[in-house]
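Worksheet: one structure, shown below.
The values are calculated or read from the model by the stated rules, or taken from the named source; none is laboratory data. Only a predicted model underlies this, so the values are computations on that prediction, with no experimental measurement involved. Counting neighbours? That spans all protein chains shown, and the Cβs are built from the backbone with ideal geometry, glycine included.
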Amino acid sequence: MNIAIIGLGLIGGSIARGLAESGFAACIYGEDTDELILDLALERRVIQGRLNAALHGPEIHLWIFAVPPQALRGTFELFGPYINAESVITDTLSVKKTVYDEVPEQFRARFVGGHPMAGRREIGLPASRPDLFVGMPWILCPDGADEDARRRVTQFVHALDALPVEMSPQAHDAHVALLSHLPHAIANLLVGLSQSLPHPEVAGPSWRDATRVAGSHPELWQQILCLNKQEVISSLRTLQGEIDHLVDRLENGESEHVKNLIEGRPWKP
């Protein structure tokens, strides 16, 4: 099938490279707001052609919107007139419930929301890699999509050797708030706290692991945390309660309960 990828950053570029290696796509067209990125994608054969040259040419069977959340509406406005009724659309956005409101009604039956749970601290097309999604979960939210759209997007995910997991947009946002958005927030909070130390450079591997994603793509993560703020706030408050509980245990010298925490066992009364 012919595939169009809008947004050739880390995720969009890795999708293009992964699909090229899998042989899943007949032709991969790309588009990006940065002309230099487009030139680089063509030079490295990440894509076979620019999308604007194909809009009046061959049929596009699968559209992939790998854009920031706040760019989704504009992407539909720009390319919507060229999406035919047989085409399938998916995205890679890290928030689902709020962005579903940006999907025009005429595309709902052919739209399957997606979110690959993979990434790197480095950003942009140069950081892309064809094996980025291998063995990684790829959340699909086929809310209102027809069976053909669900089948095609699932096949696309399998072509990248990723593991499709279906859930509702609401469940997605709750899951990723705890499993992705909260860790990013904590990493940045930890880095901020470290600035009060006279020698923050003496940190060991555990610190590097805990803060690896700090500072990643500030504009993107600003959008993600704010768009999913209710779920993120809920997760932060839950964590705050757990921190308060640990403080109480330490103050009371309840070492066995602290051991339970380290072993991954629930608190005991």
What are the residues in region 112-125 that are of a type in the set (A, V, I, L, M) and in a loop (DSSP other than H, G, I, E, B), if any?
-> Met117, Ala118, Ile123
Test: residue in region 35-55 that is closer than 30 Å to Pro183 by Cα and more than 17 Å from the chain's Cα centre (by Cα) = yes
Going by the structure shown, is Pro58 of a type outside the set (Lys, Arg), closer than 20 Å to Asp173 by Cα, in the same structural domain as Gln155 (by TED's automatic domain parsing) and surrounded by fewer than 18 Cβ atoms within 10 Å (Cβ to Cβ)?
-> no
Going through region 74-111 in order, the residues found to be surrounded by fewer than 20 Cβ atoms within 10 Å (Cβ to Cβ), outside any helix (DSSP H, G or I) and touching a residue at least 60 places away in the same chain (Cβ under 8 Å) are Thr98
Residue that is modelled with the highest pLDDT [pool: residues in region 12-43 that are in a loop (DSSP other than H, G, I, E, B) and closer than 22 Å to Phe156 by Cα] = Asp32
Among His184, His172, His158, His217, the single one that is within 22 Å of the chain's Cα centre (by Cα), on the phi > 0 side of the Ramachandran plot and not small (Gly, Ala, Ser) is His217
Heads up, the helices (runs of 4 or more DSSP H) in region 137-247 (entirely inside) with at least 1 residues that are more than 29 Å from Asn260 (Cβ to Cβ) are 147-159, 169-176, 182-194, 218-227
Tell me, yes or no, whether region 196-210 has at least one residue that is touching a residue at least 24 places away in the same chain (Cβ under 8 Å) and loosely packed, with under 15 Cβ neighbours inside 10 Å.
-> no
Working only within region 142-197, note down all residues that are of a type in the set (Val, Ile, Thr) and over 11 Å from Gly114 (Cβ atoms).
-> Val176, Ile186, Val191
